Each structure stands twice: as structure tokens, then as C-alpha cells.
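Beneath this line is the structure, given in C-alpha cells, with notes to follow.
The values are calculated or read from the model by the stated rules, or taken from the named source; none is laboratory data. Since this is a predicted model, take the numbers as computed values, not measurements. Please note: Cβ atoms are built from the backbone with ideal geometry, for glycine as well, and neighbour counts cover all protein chains shown. We work out accessible area using only protein heavy atoms, side chains counted, and drop any ligands, DNA or RNA first. Shrake-Rupley method; radii C 1.70, N 1.55, O 1.52, S 1.80 Å.
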Amino acid sequence: MKNIEIIKRISPNSLDHKGNLKSIEKQFLEYEYGLKKDSLPFVVNEQSNKLKYAEFKNNPLVINVSTIEKLKNKHELDLKFLIGIDNIIENSIFAFDSLKHESSKIFVTDIIINDNPLIFIARNDKQMSVFNVNEITSIYDRNNLQNLIHRTIEQGGKAYINPEKRKEFEEMGYDIKPKINN
């Protein structure tokens, strides 16, 4: 089944009258102005091919209404920032496995907020209804990121470098090799 067919079933209000995916900006504005009255997820992108480097399947990429509310209220990310979510996700630099959820990965961006890198967590191949999607579960700035990377690698987790962003990764200076204790 093509991704647009899945979107028709899981979040039909994310599509315009011609069956094309509405921009995330339009979806968010419709929600903010009360035109979207249900709790169906927002569809960030029809595909997840920009996350393929981290072994993600090419499912539709969604974010739940409750996650948007958490990002706005708890993490103080405003709608103006969130409108660019698709661009943020498409330009992630590298990712590594989540220690908390086997199907999730932590993606690192080159955006700095409060002197910390902005990260987002995405769940791969989550079942929604009878369909599979990839879901963004959080976005926030993360302090002590290198410590989290080391703990993940030491516990057998893997890191994934976006091949299109190798130079940016090297410039960031993160160490993704296990520490060797002497």
C-alpha cells in the first residue's frame, strides 16, 4: 500500500481536497485556529526516506497532537519554530539508538538552543491502527549529549552518521566510539 493511502486512513484531514498532503504549516495552523477538531496525528512527511541512514523504514512520518502540545508547553517551542519541523528532521546530522525504547532512535541536529544541541526522538515502524508509521515522540535541547552517546555505545547501541552530513558531523566533534578503560 502506498504511503498516501495509509495517510488517507490514519489522518485524512492532513490531505487537501485533491488528496495531496497539506504542508505541516497548514496542518498546524488549522489546528491552532480550531479547524482541525480531532486528535488524529499530523503528518510531517509522506515518507521517512531522510531517516533511512538510521535504518528507518520509509513509512509516513507523523507527530501526535499530544506531542505538539508537550513541545509547546513543556519545552517552550513555539509554533513558528515547529512549522520548520520537516526541515529540521530532513537535515539531521547523526543518530544513535535509544536506551529506553528499542524501536526509537535519537537524532542530533546542528541547531543550538540554550547552548545545547537540539535533538529529536523518533520511533521506527510503529503500528497505528493496522498501518505502520514512523513517529516523532519528542524534540528538545539536550545537555551532556556526549555522556548519553557514550552510555549508549557502551551498552551495545549503535550510532548512524547521515552520509549527506559527514562533514557537519566531523565539525561537531562528537565521539561515537566506545571508551576504553585502562
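I'd like to verify a number: residues in the range 137-173 that are touching a residue at least 60 places away in the same chain (Cβ under 8 Å) and surrounded by fewer than 13 Cβ atoms within 10 Å (Cβ to Cβ), how many?
Looking only at that region, the number is 1.
Could you check, for the range 60-76, whether at least one of its residues is assigned to a helix (DSSP H, G or I), small (Gly, Ala, Ser) and surrounded by fewer than 21 Cβ atoms within 10 Å (Cβ to Cβ)? Talk me through it step by step, then tell me what you get.
Residues of the range 60-76 assigned to a helix (DSSP H, G or I): 65-73.
Then drop every residue that is not small (Gly, Ala, Ser), which leaves 66.
Next cut, surrounded by fewer than 21 Cβ atoms within 10 Å (Cβ to Cβ) only: 66.
Within the range 60-76 (the criterion being assigned to a helix (DSSP H, G or I), small (Gly, Ala, Ser) and surrounded by fewer than 21 Cβ atoms within 10 Å (Cβ to Cβ)), the answer is yes, since at least one residue qualifies.
Looking at (1) open to solvent by less than 30 Å² (accessible area, probe 1.4 Å); (2) part of a helix (DSSP H, G or I); (3) within 16 Å of Phe56 (Cβ to Cβ), can you tell me which one Ile119 breaks?
Only one criterion in (1) open to solvent by less than 30 Å² (accessible area, probe 1.4 Å); (2) part of a helix (DSSP H, G or I); (3) within 16 Å of Phe56 (Cβ to Cβ) is unmet by Ile119, namely (2).
Can you confirm whether Ile176 is at pLDDT below 95, buried (at least 16 other Cβ atoms within 10 Å of the Cβ) and either within 25 Å of Glu46 (Cβ to Cβ) or within 16 Å of the chain's Cα centre (by Cα) (or both)?
no
Could you check the range 77-102 and list, in sequence order, the residues that are assigned to a loop (DSSP other than H, G, I, E, B) and at pLDDT below 95? Full working, then the answer.
Narrowing the range 77-102 to residues assigned to a loop (DSSP other than H, G, I, E, B): 77-78, 83-84, 91-93, 98-102.
Scanning the range 77-102 gives Leu77, Asp78, Ile83, Gly84, Asn91, Leu99, Lys100, His101, Glu102.
Give the residues of the range 30-59 that are within 16 Å of Ile83 (Cβ to Cβ), among the aromatic types (Phe, Trp, Tyr) and part of a helix (DSSP H, G or I), sorted by residue number.
Tyr31
When you scan the range 32-54, do you find a residue that is over 21 Å from Ala122 (Cα atoms), without any contact (Cβ under 8 Å) to a residue 24 or more places away in the chain and among the charged types (D, E, K, R), even just one?
Step one: of the range 32-54, the residues over 21 Å from Ala122 (Cα atoms) are 32-38.
Among the residues that remain, those that are also without any contact (Cβ under 8 Å) to a residue 24 or more places away in the chain are: 33-37.
From what is left, the residues that are among the charged types (D, E, K, R) are 36-37.
Checked against the condition, which is being over 21 Å from Ala122 (Cα atoms), without any contact (Cβ under 8 Å) to a residue 24 or more places away in the chain and among the charged types (D, E, K, R), the range 32-54 yields at least one hit.
If I go through the range 1-25 residue by residue, how many of them are surrounded by 15 or more Cβ atoms within 10 Å (Cβ to Cβ), part of a helix (DSSP H, G or I) and without any contact (Cβ under 8 Å) to a residue 40 or more places away in the chain?
Matching residues across the range 1-25 total 2.
From Phe28, Phe56, grab the single residue that is open to solvent by less than 50 Å² (accessible area, probe 1.4 Å) and within 15 Å of Asn132 (Cα to Cα).
Numbers: Phe28 fails: within 15 Å of Asn132 (Cα to Cα).
Just a single option satisfies the conditions, and that option is Phe56.
Across the range 89-104, what is the number of residues that are open to solvent by less than 20 Å² (accessible area, probe 1.4 Å) and closer than 24 Å to Gly173 by Cβ?
Looking only at that region, the number is 6.
Which residues, taken from the range 138-160, are among the β-branched types (Val, Ile, Thr) and either in a loop (DSSP other than H, G, I, E, B) or within 30 Å of Glu69 (Cα to Cα) (or both)? Can you show your working first?
Applying the first criterion (among the β-branched types (Val, Ile, Thr)) to the range 138-160 yields 139, 149, 152-153.
Ile139, Ile149, Thr152 - these are the residues of the range 138-160 that are among the β-branched types (Val, Ile, Thr) and either in a loop (DSSP other than H, G, I, E, B) or within 30 Å of Glu69 (Cα to Cα) (or both).
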